[in-house]
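For reference, the structure discussed in these notes is given below.
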Amino acid sequence: SQKIEQNSEALNIQEGKTATLTCNYTNYSPAYLQWYRQDPGRGPVFLLLIRENEKEKRKERLKVTFDTTLKQSLFHITASQPADSATYLCALVSTDSWGKLQFGAGTQVVVTP
Amino acid sequence: GAGVSQTPSNKVTEKGKYVELRCDPISGHTALYWYRQSLGQGPEFLIYFQGTGAADDSGLPNDRFFAVRPEGSVSTLKIQRTERGDSAVYLCASSPSSSYNEQFFGPGTRLTVL
């Protein structure tokens with residue numbers, strides 16, 4: 001069966017450190033993978049997209065890597081700030097179901113001053 | 001500009017009742033998506049529209065769930081004979097087209113079935 005797995009335990013990190021989140025998938029042929037941020041009581045907000053033929057993408061303090069051999073994406077927040085505290089969701093679009101986002105359960109990040 | 005809006009923000013109903021949830025997408029966005037999110041889980045795809053037609057409704061859990069988008073803008077998700085297991089946050093998202101990668105989400109409607 002198809003699965004998208006993210007660390008279920010919250011990641012507690014000190015301000016200024018790098019947070020690294022993992023997204024693993026099985027039985028998908030991804031066209032691309034996206035990362036979203038979700039704050040309590042709000043809808044997800046798009047952060048970054050990486051295509052299946054790309055290895056790494058960066059945007060400001062964010063970096064995403066994508067390894068289709070390992071079937072894994074890593075999401076990094078460098079120089080983390082308390083305002084980065086949120087739940088981060090990874091989502092896949094498969095080559096056979098264009099437009100349909102399939103999400104992992106998300107990982108909560110807590111950045112303490 | 002205005003984002004995706006959803007009404008109501010909260011809906012409490014009794015088991016067996018009928019509910020309608022409304023989504024107003026960003027103006028000009030032709031693709032519209034419905035998801036359902038349970039506590040501690042990621043959003044679960046239900047259906048998406050490209051224009052007025054449902055391009056993929058494979059995520060609708062059963063025939064109690066139905067969605068329409070008659071004029072290619074506002075969409076309504078309809079749930080008949082609600083069950084307690086339908087309780088969740090229903091999220092709507094839109095994008096300029098289904099081939100545009102980023103989806104813009106609304107704040108969701110929290111549905112509670114007593």
* Which of the residue pairs A:Lys3/B:Lys78; A:Lys100/B:Lys11; A:Lys17/A:Lys63; A:Lys3/B:Lys11; A:Lys59/A:Lys100 have a Cα-Cα distance greater than 22 Å in the structure shown? -> A:Lys3/B:Lys78; A:Lys100/B:Lys11; A:Lys3/B:Lys11; A:Lys59/A:Lys100
* Only Cα pairs under 8 Å and at least 6 apart count here; give the relative contact order of region A:3-112 as a rounded whole percent. => 38
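Share of Cα-Cα pairs in chain B beyond 19 Å, in percent?
Summing the P(r) tail past 19 Å for chain B gives 39 percent.
Summarise the partner chain shielding of B:103-110 as one whole number: the mean count of Cβ atoms from other chains within 10 Å of each residue's Cβ.
Mean partner shielding for this stretch: 4.
Could you give the Stokes-Einstein D for region A:1-51 in µm² per second, using the C-alpha Kirkwood radius, 4 °C, 1.567 mPa s? Please report the intermediate quantities before stating the final value.
Numbers: Rh = 13.3 Å.
So the translational diffusion coefficient is about 97 µm²/s.
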* Asked: Under Stokes-Einstein, with the Kirkwood radius over Cα pairs standing in for Rh, what whole-number D in µm²/s applies to chain A at 4 °C and 1.567 mPa s?
  -> 92
* Structure fact -> Ranking B:Phe65, B:Val19, B:Tyr33 by how far each Cα lies towards the positive end of the charge dipole of region B:19-114 (+1 on Lys and Arg Cβ, -1 on Asp and Glu Cβ), the top one is B:Val19
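Shielding by partners for B:37-47, please: the mean number of other protein chain Cβ atoms within 10 Å of each residue's Cβ.
On the way: counts 7, 1, 0, 5, 5, 15, 11, 3, 7, 1, 1.
What the average comes to for B:37-47 is 5.
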* Which of B:Ser5, A:Ser8 comes first, and how do the rest follow, when ranked by fewest Cβ neighbours within 10 Å? -> A:Ser8, B:Ser5
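Can you give the Rg/Rh ratio of the protein assembly as shown, where Rg is from the C-alpha atoms and Rh is the Kirkwood radius? Don't jump to the answer; show the numbers that get you there.
Working: Rg = 17.6 Å, Rh = 18.1 Å.
We get a ratio of 0.97 for the protein assembly as shown.
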* Determine the shielding of peptide A:94-103 by partner chains: average, over its residues, the number of Cβ atoms on other chains within 10 angstrom of each Cβ. => 6
* To do: Could you order peptides A:103-112, B:14-23, B:95-104 by the average number of other Cβ atoms within 10 Å of their residues, highest first?
  => A:103-112, B:95-104, B:14-23
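Values quoted throughout were computed directly from the atomic coordinates according to the rules given, and no laboratory measurement underlies them. Predicted, not measured: the structure shown is a model, and the values here were computed from it. With ideal geometry, Cβ positions are generated from the backbone for all residues, glycine too; neighbour counts draw on all protein chains shown.
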